Amino acid sequence: MLKRIAMTSLAAAAVFSSAAMASAWLTPAAAQVNIMIGTPPPAPVYEAVPPTRAGYVWAPGHYVLVNDRYVWTRGQWVTTRAGYSYVPASWERVYVGGREQWRFVPSRWDRDGDGIPDRYQSQSYRYNERGPWGDRDHDGIPNAYDRYDNRRW
């Protein structure tokens, strides 16, 4: 009797764990991976950029961190997205607690081409420079609170 209960519970656990694993592959991850390391990446490897191709953007090669070692990934063609500009992957220097570290910034598509990811910009900044919450002079202060027009004439 005890053997039958043990076998039944093991079979149920196998079925439910496989169902959980199958649904995990279908749902997108909600976490953002942030890679930081203390040593700077090596100098980029020279790659000859191939001639342009219609409908594609050249993504230059870059270093990625694999098992605490920098590994070079070669450049590749990426299909263009209408209305977006491509920002290639890079490593940026940051200071955490007074110590120099390097953070990997993955490649992304930017709608307005300013290099700032769109998720960090408000809707009014991206789509409407006029109105009380727009920013016509791009100084970071909404028009409702901005006393001075900092645009160049």
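Rule-based calculations on the coordinates, nothing more; no lab input. Every value quoted in this text rests on a predicted model; they were computed, and no experiment measured them. Virtual Cβ from ideal backbone geometry, glycine too; neighbours counted across all protein chains shown.
Shape call for region 36-112 from the C-alpha gyration tensor, a ≥ b ≥ c root eigenvalues: rounded (a/c under 1.5), prolate (a/b greater than b/c) or oblate? The shape class here is oblate.
I need the calculated FRET efficiency for the pair VAL105 and GLU47, taking r as the beta carbon distance and R₀ as 22 Å, to the nearest 0.05. Walk me through the numbers on the way to the answer.
Numbers: r = 19 Å, r/R0 = 0.88.
So, using R0 = 22 Å, E works out to roughly 0.70.
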